[in-house]
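Colleague: Sharing a structure, written as structure tokens. Questions coming.
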Amino acid sequence: MARRSTFSASALTRAYQRNVKALTKATLQGGRRMAGQLQRATAKHFKPPPGRGDWIAGMALGPAGARRYHLYRPPDLKLQPGERLPLMVMLHGCGQTGRDFAVSTRMDQLAARQRFLVLYPEQDRLANPQGCWNWYDHRSGKADAEAATLMAAVDQVCLLYRADRERVVVAGLSAGASMAALLATRYPVRFRAVAMHSGVAPGAAKSPATALGAMRGRHSPAMLATAVGKALGAAAAFTTLPPLLVLHGDADLVVAPSNALDSATIWATATGAAPGGLRVVQRGKRHPMRVTDYKHQGHTCVTLCQIAQLGHAWSGGAARAPFSDAAGPDATRLVWAFASRQFAAAARTPGA
């Protein structure tokens, strides 16, 4: 009996050891696979987008902590003494990285031809697991902290890479669009223009719960009525708000298209602008868009572009890229053309 017990215990011990060895081997293999996947994802993240030019990594510190960024610098730059270049700040949407946004919008290719810098700040996944900018989180203070940290990145680029502080534009998609609007209302004199693509109307949310409702177009009338006084209240004089370009698809199922008109109306009210006549614009076989300009004393304060058949995607973006629709009007060109007009208008206005 004792001999059988010893044999049974020994067999169990060997079986246990074999299982532990197999489990250890599987765990190590799984760990190596995960490490490999992480390494490949990291390598892709830091890999420059296609095309010539510099893809410069940096990091800015602010109230929200550290935020990484990449700066695109056109190739073969030969700046004259004292010359500075315009700066386009591009804020990605949820589920995107700065590199993804660069590939989708192809803003770098336009920057290479037009000679301007492009800044791609990066949301930290610890700050938001989906990579969204916390544009709505005013109750906790995250929204303003992130806005201040993004401004630290802008200041750093202006200091280190000869960006022109008088020709800075901010544009964004989805959550990036809403953060762009927040930046422009908190720091209105720092931006010459702002572009919102598929974003939520300024002042329509102040917490995660109200953000979801605003995305679906469920705005509180009281909230929208006080948006000018509160959401835009950081600007001492509303007339200092930079001109706004709003782009939104009427087939957007993520952020309700009603946000486009709300954004334009809020901004127009804040700047004393009135809407002009609506015109339909279509180039070739691209989706048509309905365009309305809001003007004050002859100056365009808001341009609203409502794009037919466009979903939640960058209009005219790279084919097969996520959150990109190649069939839409070229939003990248529209944003730069809008910004260029503001640069020209400021040059004609002394002290602007």
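The values are calculated or read from the model by the stated rules, or taken from the named source; none is laboratory data. Not measured: the values here are computed from a predicted model. Cβ atoms come from the backbone with ideal geometry, glycine included; neighbour counts cover every protein chain shown. Accessible surface areas use protein heavy atoms only, side chains included; no ligands, DNA or RNA. Shrake-Rupley method; radii C 1.70, N 1.55, O 1.52, S 1.80 Å.
Colleague: Out of all the residues in the stretch 141-184, which are within 24 Å of Asp100 (Cβ to Cβ) and part of a loop (DSSP other than H, G, I, E, B)?
Modeller: The answer is Tyr161, Ser174.
Colleague: Do we find that His138 is touching a Lys or Arg at 6+ places or on another chain (Cβ under 8 Å), modelled with pLDDT under 95, crowded, with 16+ Cβ neighbours inside 10 Å and more than 25 Å from Ala346 (Cα to Cα) in this structure?
Modeller: yes
Colleague: So, one more: Scan the stretch 93-116 and give yes if some residue there is at negative phi and in a strand (DSSP E or B), otherwise no.
Modeller: no
Colleague: What tally of residues in the stretch 255-296 results from selecting those that are under 17 Å from Pro202 (Cα atoms) and assigned to a loop (DSSP other than H, G, I, E, B)?
Modeller: 5
Colleague: Something else about it: Name the residue, out of Leu173, Leu150, that is at pLDDT 95 or above, touching a Ser or Thr at 6+ places or on another chain (Cβ under 8 Å), of a type outside the set (Val, Ile, Thr) and crowded, with 19+ Cβ neighbours inside 10 Å.
Modeller: Going through Leu173, Leu150 in turn, the sole match is Leu173.
Colleague: Hey, another quick one. Looking at (1) of a type outside the set (S, T, N, Q); (2) part of a loop (DSSP other than H, G, I, E, B); (3) under 16 Å from Ala60 (Cβ atoms), which is the only condition Tyr120 fails?
Modeller: Of the numbered conditions (1) of a type outside the set (S, T, N, Q); (2) part of a loop (DSSP other than H, G, I, E, B); (3) under 16 Å from Ala60 (Cβ atoms), the odd one out for Tyr120 is (2).
Colleague: On to the next question. In the stretch 294-313, is there at least one residue being closer than 22 Å to Leu117 by Cβ and either in contact with a strand residue (DSSP E or B) (Cβ under 8 Å, 6 or more places away or on another chain) or basic (Lys, Arg) (or both)?
Modeller: No.
Colleague: Let me ask something additional. Can you work out which of the residues in the stretch 60-92 that are among the small types (Gly, Ala, Ser) and on the phi > 0 side of the Ramachandran plot is surrounded by the fewest Cβ atoms within 10 Å (Cβ to Cβ)?
Modeller: Across the stretch 60-92, the extreme among qualifying residues is Gly82.
Colleague: Can you tell me which residue among Ala260, Ala270 is over 20 Å from the mean Cα position of the chain (by Cα), closer than 24 Å to Asp137 by Cβ and crowded, with 24+ Cβ neighbours inside 10 Å?
Modeller: Among Ala260, Ala270, only Ala270 is over 20 Å from the mean Cα position of the chain (by Cα), closer than 24 Å to Asp137 by Cβ and crowded, with 24+ Cβ neighbours inside 10 Å.
Colleague: Continuing with the same structure: Would you call Arg115 touching a residue at least 40 places away in the same chain (Cβ under 8 Å), open to solvent by 30 Å² or more (accessible area, probe 1.4 Å), in contact with a helix residue (DSSP H, G or I) (Cβ under 8 Å, 6 or more places away or on another chain) and not acidic (Asp, Glu)?
Modeller: no
Colleague: Just name the residue that is least open to solvent (accessible area, probe 1.4 Å) out of those in the stretch 300-344 that are of a type in the set (Phe, Trp, Tyr) and over 16 Å from the mean Cα position of the chain (by Cα).
Modeller: Among those residues, the one meeting the criterion is Phe338.
Colleague: Shifting gears a bit: Would it be correct to say that Leu253 is in contact with a Ser or Thr (Cβ under 7 Å, 6 or more places away or on another chain) and open to solvent by 50 Å² or more (accessible area, probe 1.4 Å)?
Modeller: No; evaluated as a whole, the condition is false for this residue.
Colleague: In addition: Is the stretch 345-352 home to any residue that is hydrophobic (A, V, I, L, M, F, W, C), surrounded by fewer than 19 Cβ atoms within 10 Å (Cβ to Cβ) and modelled with pLDDT of 95 or more?
Modeller: No, the conditions are met nowhere in the stretch 345-352.
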